[in-house]
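Participant: What follows is a structure written as C-alpha cells; I'll ask about it next.
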Amino acid sequence: MSQSFALIATGALTSVFLMMRSKNPVHSVFYLVLLFLHCSGLLVILGLEYFVLLQLLVYVGALAILFLFVVMLLDIPSTEILAHQRGTYPVAGVLTLCLIVSAILTLWQPMSESISENYFMTLPVPVYFLEPTETNEVLTFPQENNYCFWKDYRIATSSIANLGIALYGVHADLLIIASLLLLVAMVGAVGLTLKRPVVAPHYDVFAQHYVDFQKVVVQIPGND
C-alpha cells in the first residue's frame, strides 16, 4: 500500500508541476485531467469507491471538459500566461515548502496500513445516529458513555453507508448549510441572466419618418 501510495502521489505531483509550467492552456487542462485521475487512484487505495466514481464523473467528466472548452474559446495569449506564472512564483514556493514539511512529517511517522487507525476515524459518534434500520442484520459496537467509535462502524459497513451516516446523521447541519449556499448561488445565477429593462429616451418613430429631409440636412458648400 505504501509503495502504491508513493507512486500515485509522485504522479500527482508531477502532473501539478507540468500543469503549472505548461505554456499551452489546452495542455494544462490535460495535465489537470491527469491529476484528477491520480487523485482517484489515491481514493481507491483508501477504499472510498463511491468518492472515486464522484471524482471521475464530476471532475474528469464535467469540470475538466468545461475548462477545456472555455480555454479554447478564450484564446488567451501566451504573454498573459507567462506574466501570470511569474506572479504565482511566491505562492508556489510557500505551498511547496508546506508540502515538503508535510512529507517529512509523514515519513517520520509512517502511514498505517489500516485506514481505520486514522485520527479522524477514532472520533466518537453519538449512539442515536447509529441505530439499525429495518434490515435483517443488527450491528453492535463497543460503547462508552453512550458513544460509539466511528472506526468500528466504518469497518462493519461500506463507504456509501458511512457517507450516508456522516451526511444525514452526524453532519446534517453542515449539509443543510451547504444546500442553502448552493441554492443562493443558483438563484444568483438565474438573477444575473434575467433581462432588465433598459431606461432609454422615448422617440416618436412616426414623427421622425415624416420629417422634411430638406429642412433637417443642410449642405455646406466647400471652398473650391
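The values are calculated or read from the model by the stated rules, or taken from the named source; none is laboratory data. Computed from a prediction, not measured in an experiment: that's the story for all the values here. Cβ atoms come from the backbone with ideal geometry, glycine included; neighbour counts cover every protein chain shown.
Participant: Among the residues of segment 46-64, what is the count of those that are over 14 Å from the mean Cα position of the chain (by Cα) and surrounded by fewer than 16 Cβ atoms within 10 Å (Cβ to Cβ)?
Facilitator: 5
Participant: Right, another one. Could you list, in sequence order, all residues of segment 16-45 that are more than 17 Å from the chain's Cα centre (by Cα) and either hydroxyl-bearing (S, T, Y) or not in a helix (DSSP H, G or I) (or both)?
Facilitator: Within segment 16-45, S22, K23, N24 qualify.
Participant: Here is a list of conditions, (1) in a helix (DSSP H, G or I); (2) at pLDDT below 75, and Q219 meets all of them except one; can you say which number that is?
Facilitator: For Q219, the exception is condition (1).
Participant: Right, next: If H84 passes every condition in (1) modelled with pLDDT under 60; (2) over 26 Å from G11 (Cβ atoms); (3) part of a helix (DSSP H, G or I) but one, which one does it miss?
Facilitator: (2)
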